[in-house]
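These notes are about the structure you will find just below.
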Amino acid sequence: MTRTIIAIAGASASGKSLFSQTIYNELVNELEPGAIAVIEEDAYYKDQSHLPFDHRTQTNYDHPEAFEHELMCKHLTQLRNGKAVEVPTYDYAQHTRSDKTRTVMPAQILIVEGILLLSDKALRKEFDIKVFIDTPLDICLMRRMQRDMEQRGRTLQSVVEQYQATVRPMFYQFIEPSKHKADLVVTRGGMNRVAIDIIKSKIKYLLQE
Ligand SMILES: Nc1ncnc2c1ncn2[C@@H]1O[C@H](COP(=O)(O)OP(=O)(O)O)[C@@H](O)[C@H]1O
Ligand SMILES: O=c1ccn([C@@H]2O[C@H](COP(=O)(O)O)[C@@H](O)[C@H]2O)c(=O)[nH]1
């Protein structure tokens, strides 16, 4: 059986999750059970439970070193080879992994979304289709402020300080240059109906092959 792994990369709050989830939600009931699955790169942030909370707030979460990409690569290889994996789960409010894992079965179509997927050479090799969500950074910042305060237990001050210290500089160092590794660059992210339909059509075509 041929399996296809699709990477959806882009800045934080660019719309990667919305784009991925829209494709997943619109296809999941049309396809055979278990044909499609989604994995988030954020699940592979390193475990920091050994560090005091104050230290965890100082981590640069936008640098490749913050992730356990080796484990992610290993899981993607296992899924491609038809094996189920236990994906970690991440608690943004506590800045560390939670105790639980999530079992992901080897789907024929696997969508992977995250900020640094295309900047890592080893990870890039795992992807058959590479998409970059290209949203202006000021729009990402506005969305991130709202989302992080509502859903990730953050204050306005902490979002702004982190944005200046790491999020913005790491975007220009790692994420923006990785755009050129993409097969498709998508504007308007999760609201780009044409781009969503193109990926959906490609998925349906691959499943018919
Ligand atoms: N095109 C869009 N227009 C308006 N809001 C959007 C759009 N794309 C995403 N959002 C909203 O912005 C926030 C961040 O989007 P999300 O998909 O979680 O970003 P990412 O996964 O890239 O961090 C969410 O609240 C989401 O609903
Ligand atoms: O403990 C953490 C872990 C991550 N972050 C921030 O999350 C984004 C990546 O997630 P998106 O869903 O793509 O926005 C990254 O920019 C990190 O800065 C965090 O703040 N705290």
Q) Based on DSSP, what percent of beta bridges with both residues in region 4-208 are antiparallel, to the nearest 5? A) 25 percent
Q: Check each of the trypsin sites (Lys or Arg not before Pro) in region 1-101 and keep only those in coil by DSSP with at most 14 other C-beta atoms within 10 angstrom; list them in order.
A: Lys83
(Q) Under 10 Å, Cα contacts only: if you run a Gaussian network model on the chain, which one of Leu118, Leu137, Leu76 comes out with the highest mean-square fluctuation? (A) Leu137
Q: Please find, in a Gaussian network model of the chain (springs between Cα atoms separated by less than 10 Å), the residue of Ala35, Ala11, Ala93 whose mean-square fluctuation is greatest.
A: Ala93
Q: Just add up the charged neighbours of Gln108: K/R +1, D/E -1, any other residue whose Cβ is under 15 Å from the Cβ of Gln108.
A: +2
Q | Karplus-derived 3J(HN,Hα), 6.51/-1.76/1.60, for each residue of region 185-192, Hz, glycine and proline x | A | 10, 10, 8, 6, x, x, 9, 8
Q | 20 Å Cα-Cα reach of Lys74 towards lysines, excluding residues that sit fewer than 8 places from it in its own chain | A | Lys46, Lys83, Lys100, Lys121, Lys125, Lys130
(Q) Which of Ser178, Ser119, Ser158 ends up with the largest GNM mean-square fluctuation for the chain, with Cα atoms connected below 10 Å? (A) Ser158
**Q.** Calculated from backbone phi, Karplus (6.51, -1.76, 1.60) coupling profile of region 128-139 in Hz, x at Gly/Pro
**A.** 8, 9, 10, 10, 10, 8, 9, 10, x, 5, 5, 5
Q. Ala93 versus Val185, label points 7 Å from Cα toward the beta carbon: distance in nm?
A. 3.9 nm
Q: Quick one: which residues, 5+ away or cross-chain, put their amide H under 5 Å from the amide H of Thr96? H built at 1.01 Å from N.
A: Asp91
Q) Cross-link partners among aspartates and glutamates for Lys179, C-alpha distance below 18 Å, same-chain residues fewer than 8 apart left out? A) Glu41, Asp62, Glu113, Asp120, Glu126, Asp128, Asp134, Asp138
Q: Rank-order 105-113, 122-130 by packing density, defined as the average count of other C-beta atoms within 10 Å over each peptide's residues, highest first.
A: 105-113, 122-130
(Q) Just to check I understand the Karplus step: with θ = phi - 60° and J = 6.51 cos²θ - 1.76 cosθ + 1.60, what whole-Hz values come out for region 82-87, glycine and proline as x? (A) x, 9, 6, 10, 9, 7
**Q.** Separation of alpha-carbon centers, region 141-188 and region 1-27, rounded to whole Å
**A.** 17 Å
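Only the coordinates and a few stated rules stand behind these numbers; no lab work does. What you are looking at is a predicted structure, and each value in this text was computed from that prediction instead of being measured. Note that we place each Cβ from the backbone using ideal geometry, even for glycine, and neighbour counts take in every protein chain shown.
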